[in-house]
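The values are calculated or read from the model by the stated rules, or taken from the named source; none is laboratory data. Quick caveat: nothing in here was measured; it's all calculated off a predicted structure. Counting neighbours? That spans all protein chains shown, and the Cβs are built from the backbone with ideal geometry, glycine included.
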Amino acid sequence: MAKRNRKDRREARRQAYQSDRKQRDDDSGGWEERRKFLVDEGTREKLGIYEWRSQAGEDGKAVRHKLHLLPPHADDPPINSLPLFVHPDIGPNGESYLCPKKMASVFHELKMPIPDIIKDAKCPICEEHDRRVAHYRKVKGDLSQSEWEKLWGGMTALRNHSGQWNEQNKPKSRLTWVCDAYDEESEKLGVGFWLMPVTRIYNEGLLDCMEDPDDPEDGYIDPFDEKDGCYFTFKRKGEGLGTKYSGFKLTPRKWDDDEDLEWFQGVMDSVPRYDEVLVFHTYEEMEEALAGMLAEEANEEPAEEDEPRSRGRSRGRDSERGGKRERSRSRSRDRDDEDGEEDEPEERPRKSKGRHRDPEPDDDEPEEDARPRSSKRKRRPAPEPEADEDDDSEKSDAERVAERSRRRKDRQKNKTSRHDEEDD
């Protein structure tokens, strides 16, 4: 490995970055701009980093990738990667936002300073999600198939986690620092960040590779160590939902001389802090984006068919979101799923055999197989709920958001008035 001058390395990375950025922008169709939780390209250039993404070969043929896994910045906790909980496809343009509620919890658990903007850990999208879940539990026994599909799709659209309803601690992806070790030219690009897929690479690939069966006491292989670390290699085949990963392997890294080790230490020193690449938004900004999404849903055309849902076999997830909203969500997913590295496809509901009960789950989201049963028995009319000024289930989604915003402003105004009176 030839000796590298740091200034020359940066210039090479800058030129490669500009070339990759132009190619990416030509192909992205605006997808990059919809990810509101990452800093823009100008900031990345100043930090000297780029986004690394895996890819398949021509016609989806398998391609082997080889990476240096880099430890986080010295000011960040010594973790493998940072879990990201994201609300995808919010608003008319399908933007993605970090969940302030869940990310504040992540930062707290990792003993990281919580950004001021999310210290109150309040998320309007989670609030709307919880309201929809509560409404679902009230009416799920009286829904037609089309009504159920629309309500279920509305709930799952607002999740901040990946996988099933009871996998609320499973992030959408993991922010991982890497350096592409495919060849010397790729190494010149320096530090990259990778939104590593959670299930198909981190859980089922990297974690298994880091287990050392020959050392029962420690049982751990550290691929991040600068001297005794490893290359992480794997294959990717296919595109979109047909993407497959295989051949996960950690190979011990051996430096030819001290100059190579010095170069790698320089790369490691270039890793920025996590909070330098993440973007959080205020409650009001996210509420505004949510209002746009709710307004879009309110303008949807009603479903043509409204048949009662039958007991027995569950339909696939691809039929569980109807109307315009589903089509708009699929547009943003097309790009996310192109590399198979974001918003992992959720499992399809299991087919039920015979009768099954419809229990209420303990967590805050309904069980995926929980479907109302048809019955020949006449149902007893449900009691009318007591009037409650805070019960906005009969209002439109746009009206609910406006009402919540008005009440919050009134509370803030009253709070300010009380402070003024105390000062007097």
Exercise for the section: Pick out the one residue from ASP130, ASP120 that is surrounded by fewer than 18 Cβ atoms within 10 Å (Cβ to Cβ), touching a residue at least 40 places away in the same chain (Cβ under 8 Å) and assigned to a loop (DSSP other than H, G, I, E, B). Expected result: ASP120
Practice task
Note down all Cβ pairs under 8 Å where the first residue falls in the stretch 282-297 and is closer than 11 Å to CYS123 by Cα, the second is among the aliphatic types (A, V, I, L, M) and part of a helix (DSSP H, G or I), and they're at least six residues apart or on different chains.
Solution key: THR282/ILE117; MET286/ILE125; GLU287/VAL401; LEU290/ILE125; LEU290/VAL401
Exercise for the section: Please verify whether the stretch 213-227 includes one or more residues that are at pLDDT 95 or above and surrounded by fewer than 20 Cβ atoms within 10 Å (Cβ to Cβ). Expected result: no
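Yes/no per residue for (1) among the charged types (D, E, K, R); (2) closer than 28 Å to HIS281 by Cβ:
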position: HIS68; (1), (2): no, no
position: PRO78; (1), (2): no, no
position: HIS87; (1), (2): no, yes
position: ILE90; (1), (2): no, yes
position: PRO113; (1), (2): no, yes
position: ASP120; (1), (2): yes, yes
position: ARG132; (1), (2): yes, yes
position: TYR136; (1), (2): no, yes
Handout entry: Test: residue in the stretch 192-211 that is outside any helix (DSSP H, G or I), over 30 Å from LYS46 (Cα atoms) and charged (D, E, K, R)
Key = yes
Exercise for the section: Could you tell me which residue of the stretch 41-84 is surrounded by the fewest Cβ atoms within 10 Å (Cβ to Cβ), considering only residues that are closer than 23 Å to ASP260 by Cα and aliphatic (A, V, I, L, M)? Expected result: ALA74
Practice task
Starting from residues that are of a type in the set (D, E, K, R) and either in a loop (DSSP other than H, G, I, E, B) or free of Cβ contacts under 8 Å to residues at least 60 places away in the same chain (or both), keep the ones in the stretch 79-109 and report whichever is farthest from ASP222 (Cα to Cα).
Solution key: LYS101
